[in-house]
1. Percent of alpha carbon pairs in segment 8-74 separated by more than 20 Å?
2. For a 21 Å ceiling on Cα separation, which of these pairs sit above it: K71/K100; K65/K100; K15/K71; K13/K71; K9/K71; K15/K100?
3. Sorted by accessible area (1.4 Å probe), largest first, how do R40, R7 line up?
Amino acid sequence: MSITAERIKKLRKQKQLTQQGLADIIESSRDTIANYENDRNKSTLAMLTLIADALDTTVEYLQGKTDSPLKTPHNSSDDGDDKKHVDLADDELIMSFEGKELSEDYKNSILAFVKMLREERK
């Protein structure tokens, strides 16, 4: 079985979607999803893009070009580095986990933990 087939099936199950559920999201049929997952058909780039979006991942992950299933925002900078700097002490920073905003108490606990770790390394 191809890595693409394995990863589509794995992520679909992690999202607790049936083949029909995924098919409904991408406006396709359950047979189409089953054929991709069982390696009977190869998906087009357009279809792979729809599947990746539905599974909240990237085409590159589904194709095995990367091992990270996470989508990462591309932030342009002058030095060619796509990393984004976030100051955890910023009062305007909104922290979230698994799509849910964290309370101020959780945010303060996280900041205290990070400060403790930093002090231990000195």
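1. Here the tail beyond 20 Å accounts for 18 percent of pairs.
2. On the way: K71/K100 17 Å; K65/K100 29 Å; K15/K71 15 Å; K13/K71 18 Å; K9/K71 18 Å; K15/K100 16 Å.
Table pairs above 21 Å Cα-Cα are K65/K100.
3. From most exposed to least exposed: R40, R7.
The values are calculated or read from the model by the stated rules, or taken from the named source; none is laboratory data. The structure displayed is predicted, hence computed values, not measured ones. Calculation scope for accessible area: heavy atoms of the full protein, side chains included, ligands and nucleic acids excluded. Shrake-Rupley method; radii C 1.70, N 1.55, O 1.52, S 1.80 Å.
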